[in-house]
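Before any comments, here is the structure.
The values are calculated or read from the model by the stated rules, or taken from the named source; none is laboratory data. Model, not experiment: these values are computed from the prediction. All Cβ positions, glycine included, derive from the backbone under ideal geometry; neighbour counts span all protein chains shown.
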Amino acid sequence: MSLDDYRIAVVTGGSRGVGAEVVRRLCERGLEVHAIARDGERLAALAEETGCQGHALDVADRAAVAAAIGGLQVDVLVNNAAMAAAGTAHETSAETWARLLAVNVEGIANCLGAALPGMIARDRGHVVNLGSLAGIHPLPGMTAYSATKASVHTLSETLRLDLLGQRVRVTEICPGRIETGLHLDLMEDRAAAAAAFYEGFECLQPRDVADVIVFALDAPGHVDLTMIEMMPTLQVKGGVPFHKDPA
């Protein structure tokens, strides 16, 4: 199985950014695409543009997810919905921790609960989880976000173990900085955030990540691109910070 053999796709966080670009690509390939997001107006505009079917709901709401896609024979599930927040572990509020976990981790679990049993029964399908380099190489000052993306990484790895013997592929995409607007939520002043995170930087664009996702979906059925790290050419990871005690 590869992308041309699939019929129905579900994309979360589908109203903008990477999700909207994936919706466009899959609609162009002739799939019946169901886009999930909280912004009903954006979804309606995307549906008018692409022909996708929009579902205005919160992925953290398990019952709403099940009602929307539980009856579909989903071949492709792209778990893209996510939120970000800045702060150390002790500075991040309980409410922010709960919301990050609900969207970034439980949201994926909710979609898997609705779509995966059918994939297993039909012995076909492809799950794409949008992780982050922050889940592999944690970012200072973004503890909660990094922790949830590390959970996505472990979930993806464990899911492959659970699916051993099934023709259901699992791909984790771990991008560096993407100019999606997600970073604008990290500061109270959104203009300042845009200047800090985007101005002067050659960031990845949503279309770049969508291209890689489609590339993974297009691989022959016996090939699973399990984890893909992608970064802007001028961004690097690593280093060993060492604080020198002035005393």
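Could you tell me whether GLY54 is closer than 21 Å to GLU172 by Cβ, of a type in the set (Gly, Ala, Ser), under 18 Å from the mean Cα position of the chain (by Cα) and buried (at least 19 other Cβ atoms within 10 Å of the Cβ)? So GLY54 does not fit the description; no.
Scanning segment 1-24 for residues that are among the polar types (S, T, N, Q) and crowded, with 20+ Cβ neighbours inside 10 Å yields THR12, SER15. For segment 138-185, a tally of residues being among the charged types (D, E, K, R) and in contact with a helix residue (DSSP H, G or I) (Cβ under 6 Å, 6 or more places away or on another chain) returns 2.
Checking GLY200, GLY141, GLY165, GLY221 one by one, the residue that is under 24 Å from ALA94 (Cβ atoms) and more than 20 Å from the chain's Cα centre (by Cα) is GLY141 and no other.
Residue by residue, here is whether (1) assigned to a loop (DSSP other than H, G, I, E, B); (2) touching a His at 6+ places or on another chain (Cβ under 9 Å); (3) surrounded by fewer than 24 Cβ atoms within 10 Å (Cβ to Cβ) holds:
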site: LEU26; (1), (2), (3): no, no, no
site: LEU46; (1), (2), (3): no, no, no
site: GLU49; (1), (2), (3): no, no, yes
site: ALA68; (1), (2), (3): no, yes, yes
site: LEU72; (1), (2), (3): yes, yes, yes
site: ALA82; (1), (2), (3): yes, no, no
site: ALA85; (1), (2), (3): yes, no, yes
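The residues on offer are GLY107, GLY118, GLY54, and the sole one that is in contact with a strand residue (DSSP E or B) (Cβ under 9 Å, 6 or more places away or on another chain), part of a strand (DSSP E or B), more than 22 Å from PHE215 (Cα to Cα) and at pLDDT 95 or above is GLY54.
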